[in-house]
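Take a look at the structure set out below.
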Amino acid sequence: MRPPGRCPAEMDLNVREVARLLDLSESEVYRQVREGTLPAYRVHEQYLFNRVEILEWAARHSHRVAPDLYPAGGAGLQLAAALARGGVHHAVPGETREQVLAAVTRLPGIPESVDRALLLQLMLSREALASTGIGDGIALPHPRDPLVFPSDGPVILLCFLERPVEFAAIDQQQVRTLFTLLSPSIRLHLATLARLSYCIHDAMFRQLLADRAPADAILSHVRLLDGEVATSRPPARP
């Protein structure tokens, strides 16, 4: 459990909501909080949770979340479009985590309105808190608090590294693949992160990443996953 003095601003999930989103029983949520596995904050005698931290926890522990985790912010979201904006980049250079992240911020997929030096500083600060390596050679580097910028939609850069790099990932594997996410709003950032987590746990998508497939093949499969989400999405709750 996190100490009360470190509560982030976007902390609006209670135990019941986390149990529903992660498809766990409330007793299991309480157990994992007590054991320090699930990130939580005790405020006014109740546990509250940060949405981004819960998504990160799900990604690190290969826990698949519902693709409609944030229906209010993600209605009509097309992950393939976000990936097309950012691009698929092969042979991204760097021998250390810092060098790789610096190379990512220089890629053409980063919107012109983003301060690249600031983006690098924010991503390095996030890595200093805890690795964004989620295992199986994949990392999701991003600022601790979502960096927003004016745009018609989110941007995702998929980066295949020139060589494996140590990221202090949860499974101790070196990282070969990075996803960097930028969004025009915090809620859309959360929705996109949830959708990306859903896709990463798709077996075919993981195989395409392992094969370092061409951009067309990756985008084609992501469009299929977008369609899968659209047809399975339940009606949004009032």
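One decimal place: the segment Ala130-Ala217 gains 28.1 nm when fully extended, by the rule 0.36 nm per residue minus the C-alpha distance. Quotient of the Cα radius of gyration of segment 71-232 and 2.2 N^0.38 Å, N being its number of residues: 0.96.
When the alpha-carbon atoms of segment 171-230 are used, the pair Rg, Dmax equals 12.6, 35 angstrom. Placing pseudo-labels 7 Å out from each Cα toward the beta carbon at Glu228 and Ser27 gives an inter-label distance of 3.3 nm.
At q = 0.14, 0.21, 0.27, 0.35 Å⁻¹, work out log10 I(q)/I(0) for segment 94-135 with the Debye formula, treating every Cα as an identical point scatterer and leaving solvent out; two decimals please. Values returned for q = 0.14, 0.21, 0.27, 0.35 Å⁻¹ are -0.32, -0.70, -1.00, -1.21.
Only the coordinates and a few stated rules stand behind these numbers; no lab work does. Here the structure is a predicted model, which is why all the values come from computation and not from measurement. As a convention, Cβ positions derive from the backbone with ideal geometry for all residues, glycine included, and neighbour counts pool all protein chains shown.
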